[in-house]
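Working notes, beginning with the structure itself.
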Amino acid sequence: MTTRAEDAVALSFEQSWGRLLAGLIGWCGDWDLAEECAQEAYAAAVVAWDRDGVPGAPLAWLSTVARNQARDRMRRRTTEDAKLDLAHADATDEVAALDAEDIPDERLRLIFTCCHPALPMPARVALTLRTLCGLTPAEIARAFLVTEPTMEKRLVRARAKIKHAGIPYRVPAPELWAERVEGVLGVLYLMFNEGYAASSGDSVLRVDVSAEAIRLTRSLADLLPGEEEVRALLALMVLTDARRPARVRDGRVVPLGEQDRTLWDGDAIAEGAALLASQDQPWGPYAVQARISLCHDVAARPEDTDWEAIGHLYTRLAPTPVTELNRAVAVSMTHGPAAALAMVEDLGDDLAGYYLHAATKADLEAKLGRVDDAAESLRVAIDLAPTGAERRLLRERLDALLSGS
Amino acid sequence: MKYLMIHAVDQDATPNDPTCASPEALDAWVQEMLARGVLLDGARLHPVSDATTVRAPGGSPVVTDGPFAETKEQVAGYDVIDCPDLDSALAVAAAHPTTQVGSIEVRAFAEGMPDPLVPEPVPDGKLRYLMLVCADMRRAMAAASSAAEERSAPSREDVDDGPDEVDTWIADAGPRRLYGWALQRPDEAVTVRRVAGEVVTTDGPFAETKEQIAGYDLLECDDLDDALQVAAGHPVAGGGVIELRPLWR
């Protein structure tokens with residue numbers, strides 16, 4: 001049983017943690033202090049809201065409490081270094097109670113800083129999940145299969161670098177805009193993919209990082225309504241996530257062609273399609289990938305898939321080896337396995353070590369009746385597969401191939 | 001002659017105080033060298049986890065985290081000293097407490113370097129960065145050794161596309177660049193370290209990396225993006241790599 005106040009605090013945490021923290025960092029310039037005080041404001045809310053009722057403007061209430069906390073702590077500081085942190089916040093002033101409309105949404109500043117290219121990629125992901133999504137270091141550590149002290153250290157280092165190296169807390173200047181938006185989207189997509197891959201069932205304790213990535217991308221689409229690639233990335237995530245209910249069965253990953261398509265989330269597919277419908281050409285890379293995903297999502301049966309369109313869409317992406325491998329799969333459906341196998345074999349040098357290259361090669365060799373070659377390719381793929389679920393799937397395919405079924 | 005002392009320390013081994021054995025010993029060295037008129041400028045750098053690297057192949061900047069080379073020892077600080085000759089510069093380096101915990105690369109500046117003028121203190125709202133200008137120097141070094149009779153100091157032209165581009169860059173950087181100068185080639189460097197308490201001097205730089213420090217500039221900027229903009233415009237960013245390291249206040 002939870003009380004009404006506890007429910008309200010939990011809801012406010014989910015909706016407002018990132019906004020509260022973003023505003024506090026902008027106000028006091030100190031990431032550690034802001035985080036501690038935001039946490040304490042929520043702790044205070046559990047008691048106060050139960051006693052006095054839930055305030056009309058919860059975010060304003062939390063901001064006022066957190067700022068008062070921060071002010072008290074800054075007063076107690078004595079070192080010169082700490083006093084420098086008072087740049088934006090005068091420690092002698094009483095913090096006036098804030099009204100809801102006094103609080104600008106500063107999450108954009110926060111996300112651009114968290115995703116700054118000077119930070120290591122794992123730190124960008126961790127810092128974004130911590131500051132914008134409110135995940136605890138323990139939760140992030142579990143999501144990425146590292147120990148909690150390792151994750152703590154990663155976050156401490158990232159915050160230290162922001163301070164020491166002077167990574168600015170602001171929305172980037174116009175000349176940096178395109179590059180930095182791309183950087184933020186890269187972090188969000190990586191977060192989504194890591195969360196999605198982790199959902200294959202190795203651990204039930206993991207928090208749903210891909211859901212957090214979708215939630216944050218949704219917020220970003222609201223904050224940056226003019227950026228088509230943000231909406232395209234949201235579409236790509238939603239359209240991929242729509243297939244999640246059918247992706248794992250009895251602890252094993254089910255390939256797209258064998259999934260129970262009635263389990264796919266029709267509302268999510270409709271949302272993704274709507275997000276894409278309003279987009280103008282030329283499409284960015286996320287828009288193209290989202291459209292490929294949509295081609296799969298709208299096919300009621302595997303044989304209804306519009307492989308012609310998918311093959312064409314792949315040619316609109318930057319021709320990386322992985323893109324070419326995916327295009328080869330589409331080519332095998334439209335032009336037959338022999339044409340596709342030639343493409344896949346050409347990629348052998350670039351993709352040596354990538355299990356999906358070996359697995360795709362095995363598929364095509366099997367279709368051409370070259371059982372021995374296919375078995376050999378599958379053995380290579382099994383050795384290279386990154387997770388247990390994928391290895392199991394490949395072993396089953398190998399068994400089926402060798403038993404002639 | 002002016003020399004750069006590059007302090008190189010294994011930062012994983014001594015996470016708490018990577019730059020020197022003790023603050024007292026460091027202070028004693030600084031006071032002595034200032035009194036002798038040897039020390040012109042110097043600073044301790046934030047750890048290498050605070051480093052940022054920029055390359056600009058084809059003119060478009062690529063920013064990455066970390067140092068220009070993944071070496072065991074990393075640059076932890078620098079000093080500019082003025083000594084009559086290399087032996088006295090090596091003696092000054094050998095007396096520095098960094099030799100207790102790491103090594104010091106000593107390398108002469110290219111000729112013509114003026115005295116560094118570094119105002120104290122750092123103005124409010126500004127941050128200082130050491131900008132290490134790094135390039136693949138192997139070709140320049142091979143050319144120099146094949147023309148052994150020509151042992152004159154390399155100028156910036158060995159590294160840069162030309163002095164005009166550097167001049168343009170300096171003008172663009174404006175007050176954000178405090179000073180900077182090119183160094184002699186890395187094969188002219190000497191590295192000082194202690195083995196079992198004894199000073200050991202070896203020729204060459206502190207680490208054998210493909211790209212080597214060719215020179216540096218001291219920047220004073222609003223924030224990292226400001227410093228990255230200055231760094232990305234440097235002519236060496238096109239073919240080499242620039243590492244930005246924030247200074248301790």
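Quick one: grab the alpha carbon gyration tensor of chain A, order the square roots of its eigenvalues as a ≥ b ≥ c, and give me rounded if a/c is under 1.5, else prolate or oblate depending on whether a/b is larger than b/c. Since a/c reaches 1.5 and a/b is larger than b/c, the shape of chain A is classed as prolate.
Charging the Cβ of each Asp and Glu at -1 and of each Lys and Arg at +1, and nothing else, the dipole of the protein assembly as shown about its Cα centre rounds to 1420 debye.
Relative contact order for chain A: what is it in percent, counting Cα pairs under 8 Å that are at least 6 residues apart? Relative contact order here is 9 percent. Bridging of B:Lys126 to lysines at a Cα separation below 19 Å is possible for A:Lys83, A:Lys161, A:Lys163, once same-chain residues fewer than 8 apart are set aside.
For region A:325-341, backbone phi angles converted through the Karplus equation (6.51, -1.76, 1.60; θ = phi - 60°) give residue-by-residue couplings of 4, 5, 5, 4, 4, 5, 4, 5, 7, 9, 10, x, x, 5, 4, 5, 4 Hz, Gly and Pro being listed as x. Amide H contacts of B:Leu178: B:Leu218, B:Leu219, B:Glu220, each under 5 Å away and 5 or more positions distant or on a separate chain (H built 1.01 Å from N in the peptide plane; Pro and chain starts excluded).
Using θ = phi - 60° in the Karplus curve 6.51 cos²θ - 1.76 cosθ + 1.60, the 3J(HN,Hα) couplings for region B:165-171 round to 5, 5, 4, 4, 4, 4, 5 Hz; x is entered for Gly and Pro.
The residue among A:Leu276, A:Leu223, A:Gly251 whose Cα reaches farthest toward the positive pole of the charge dipole of chain A, with charges on the beta-carbon of Lys, Arg, Asp and Glu, is A:Gly251.
Which order do the peptides B:56-66, B:235-245 take when ranked by the mean count of other beta-carbon atoms within 10 Å per residue, highest first?
Top of the packing list down: B:235-245, B:56-66.
State to the nearest 20 debye the size of the charge dipole of region A:330-388 about its Cα centre, where the only charges are +1 on K and R beta carbons and -1 on D and E beta carbons.
With Lys and Arg at +1 and Asp and Glu at -1, about 220 debye.
Using Cβ point charges alone (K and R +1, D and E -1), the dipole size of chain B about the Cα centre works out to roughly 300 debye.
When peptides B:216-229, A:143-156, A:257-270, A:321-334 are sorted by average Cβ neighbour count within 10 Å, with the highest value leading, the order is B:216-229, A:321-334, A:143-156, A:257-270. For the residues of B:121-132, the average number of beta carbons from a partner chain within 10 Å of their own beta carbon is 1. Near the amide H of B:Ala214, within less than 5 Å, lie the amide hydrogens of B:Val133, B:Cys134, B:Ala135, all on another chain or at least 5 residues away, with H placed in the peptide plane.
The Cα center of region A:126-149 and the Cα center of region A:325-353 differ in position by 38 Å. Counted by neighbouring Cβ atoms within 10 Å, the residues A:Glu40, A:Glu229 run from fewest to most as A:Glu40, A:Glu229.
Let me know the shape class of region A:302-405, please: from the alpha-carbon gyration tensor, a ≥ b ≥ c as square roots of the eigenvalues, rounded when a/c is under 1.5, otherwise prolate if a/b is greater than b/c, or oblate.
Note, shape of region A:302-405 comes out prolate.
Averaged over the residues of A:174-182, the number of partner chain Cβ atoms lying within 10 Å of the residue Cβ comes to 1. Computed over the alpha-carbon pairs of chain B, the distance histogram in 10 Å steps reads 7, 33, 39, 19, 2, 0 percent, short to long. Projecting the Cα atoms of B:Ala231, A:Leu402, B:Leu40 onto the dipole axis of the protein assembly as shown, where Lys and Arg carry +1 and Asp and Glu carry -1 at the beta carbon, places A:Leu402 farthest toward the positive end. For the segment A:161-172, counting C-beta atoms of other chains within 10 Å of every residue's C-beta and taking the mean gives 6. Largest first, the extents of the alpha carbon coordinates of region B:1-117 on the three principal axes equal 45, 37, 23 Å. Each of A:Tyr314, B:Tyr179, B:Tyr3 was scored by other Cβ atoms within 10 Å of its Cβ. Listed from fewest to most, they are B:Tyr179, A:Tyr314, B:Tyr3. A cut-off of 5 Å between modelled amide H atoms, ignoring neighbours fewer than 5 places along the same chain, links B:Asp41 with B:Val80. When B:Val200, B:Val80, B:Val38 are arranged by Cβ crowding within 10 Å, least crowded first, meaning fewest neighbours, the order is B:Val200, B:Val38, B:Val80. Summary of packing: across the peptides A:186-192, B:120-126, A:301-307, A:343-349, the per-residue average of other C-beta atoms within 10 Å ranks them, highest first, as A:186-192, A:343-349, A:301-307, B:120-126.
Bear in mind these aren't lab numbers, they're just calculated from the coordinates by the rules spelled out. Just so it is clear, the model here is predicted, and its values are computed rather than measured. Neighbour counts run over all protein chains shown; Cβ positions are idealised from the backbone, glycine included.
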